[in-house]
Amino acid sequence: MVQPDAVGAAIRSALPDAKVSVEDLTGGGDHLQVSVVSEAFEGLNRIRQHQLVYKALKEELKSEAIHALALNTSTPD
């Protein structure tokens, strides 16, 4: 289980300008819906954008603290 605030902090650590929203889908802290808006995604395809977020959450995903992650990424425009 991971706290939504910790997920947001981990993403903002890797992408300092990111606007992050985290929703716990089941109340158990391991099924999350995350939206990330960052200028760092400019010019990147969706796969590369998601890879940047996965990298930021590497430990949480590896330990299975996050079991399921629904991810939306976009640029500020």
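Brief remarks on what is shown
- For the condition buried (at least 17 other Cβ atoms within 10 Å of the Cβ), in contact (Cβ under 8 Å) with a residue 12 or more places away in the chain and farther than 19 Å from residue 67 by Cβ, residue 38 qualifies.
- Residue tally, condition part of a strand (DSSP E or B) and not hydrophobic (A, V, I, L, M, F, W, C), over the stretch 42-77: 3
- Positions within the stretch 1-23 being farther than 12 Å from residue 71 by Cα and not in a helix (DSSP H, G or I), in sequence order: 1, 2, 3, 15, 16, 17, 18, 19
- Qualifying position, being among the hydrophobic types (A, V, I, L, M, F, W, C), farther than 15 Å from residue 7 by Cβ and either open to solvent by 40 Å² or more (accessible area, probe 1.4 Å) or in contact with an Asp or Glu (Cβ under 7 Å, 6 or more places away or on another chain) (or both), among 61, 32, 44, 25: 44
The values are calculated or read from the model by the stated rules, or taken from the named source; none is laboratory data. Please read all numbers here as calculations on a predicted model, not as lab measurements. We place every Cβ from the backbone using ideal geometry, glycine too, and count neighbours over all the protein chains shown. Just the protein is used for accessible areas: all its heavy atoms, side chains included, with ligands, DNA and RNA removed. Shrake-Rupley method; radii C 1.70, N 1.55, O 1.52, S 1.80 Å.
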